[in-house]
1. Determine the gain in length on full extension of the stretch Glu51-Ser66; use 0.36 nm per residue of separation and subtract their C-alpha separation, reporting nm with one decimal.
2. Please compute the alpha carbon radius of gyration of the chain, then divide it by the globular-protein estimate 2.2 N^0.38 Å. Two decimals is fine.
3. Determine, from the Cβ-Cβ distance of Lys333 and Ile372 and an R0 of 22 Å, the FRET efficiency 1/(1 + (r/R0)^6), rounded to the nearest 0.05.
4. Over all directions, average the projected area of the Cα convex hull of segment 242-373 and note it in nm².
5. If you put +1 on each Lys and Arg Cβ and -1 on each Asp and Glu Cβ, how big is the dipole of the chain around its Cα centre, in Debye rounded to 20?
6. Would you work out which of Ser128, Phe218, Val32 lies farthest towards the positive end of the dipole of the chain, given +1 charges on the beta-carbon of Lys and Arg and -1 on that of Asp and Glu, about the Cα centre?
7. Give the calculated FRET efficiency between Ser79 and Lys6 to the nearest 0.05, with a Förster radius of 41 Å applied to their Cβ-Cβ distance.
8. If packing is taken as the mean number of other Cβ atoms within 10 Å per residue, what is the order of 250-260, 96-106, highest first?
Amino acid sequence: MESVLKYDFLIVGSGLYGCVFAYKAKQSGKRVLVIDKRPHNGGNLFCEKIENINIHKYGAHIFHTSNKMVWDFVNNFVSFNRYTNCPLASYHGKLFNLPFNMNTFYSLWGTRTPDEAMAVIDRQRKDSGIIEPLNLEEQALSLVGKDIYEILIKEYTEKQWGHPCNELPAFIIKRLPVRFTFDNNYFNDTYQGIPIGGYNKLIDDLLKDIEVRTNTDFFNDRDYWSTVSDKIVFTGRIDEFYNCQFGKLEYRTVSFETEILNCSNYQGNAVINYTSMNEPYTRIIEHKHFEPESPFFAQNKTVISKEYSSDWTENADPFYPVNDYTNNAIYNKYKELACHEKDVFFGGRLADYKYYDMDDVIEKVLNDTEKIF
Ligand code: UDP
């Protein structure tokens, strides 16, 4: 029977999960409304143009995946440039290549061959005496040893997460490759790049011909929004959805200090991490380097953003779930409730309380919508 409600799906949040869901629903002939409390759509992918440069307003987003289905999907909407993320780390004025590779080892110890570097790391791993790492500190020491841990991991991680490394879960740094080749590519994935024309183009294409209302907060009139559609796709904080009845989940937020500089090239790279406590920020992004093919690349202006990490509070945007034991236990209680919902679907970093990358999110929507439609 045809529903009397105006929409089949109300999608709360126009981030990547919401947009891809909306696109797939529309393609299946569903009537869709997307709402977002921010003044723009695209969630944290949103870019703002300053001096003709796409500014990653909510932090650097570099698309990378090894999933061909995900890569083919995004390439239906945009082409990608050949940007390869090769961040540097600055520690007490000295620069090191990331991820941890032969270039890093050469700068640290002067080791020239994989055997020489492995010998140093093996010695330091053994010295740590750790067999089964129980936290991030032990994971790092048993993976790369004391020097790399102290120079490139410890203070950076404590700035980013606001907890001592021995209180953080080990999985956070399992994301980082360790390589015995001279390869500064941060990601191991098959495909990588930045959308030509920026992320807004991807978002706009996904939402083409779909009704979107920005500046519209679901929680300002939850009763009303619950009556407009048969089903809801919720991509916000899952604890907020359930009125924090099992307690609040912790998130980290990030803030940015953005400056326009009268020079054409400030730091010679898109990303430089500051791995010591001497600087209060975690990294400096120079946005133009994400799109070196831009006709404005050589201009005598550049834009940089210093990134600061702190605990999330109500008036800020939540960026990272803090997936430690306590928070995961609380999340599991919300998840239990979510599993019993028939007309509400959850997805994305905030609703799934997972440290997803963009490709993980797309893979999840494609799988979810395959089942739903
Ligand atoms: N990390 C580090 N030093 C670095 C870069 C990363 O110790 O220079 C650790 C840190 O704990 C961080 C984790 O690796 O939280 C994951 O880093 P990634 O660059 O993947 O974080 P994201 O870009 O998602 O913020």
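1. Result for the pair: 2.1 nm of gain on full extension.
2. Relative to the 2.2 N^0.38 Å estimate, the chain comes out at 1.05.
3. Result of the calculation: an efficiency of 0.35.
4. 11.7 nm²
5. Dipole magnitude for the chain comes out near 440 debye.
6. It is Val32.
7. Taking R0 as 41 Å, the efficiency between Ser79 and Lys6 is 0.70.
8. Taking the mean over residues of other Cβ atoms within 10 Å, the ranking is 96-106, 250-260.
We did not get these values from a lab; they are worked out from the coordinates using the rules stated. The model shown is predicted, which means the values in this text are computed figures rather than measured ones. Cβ atoms come from the backbone with ideal geometry, glycine included; neighbour counts cover every protein chain shown.
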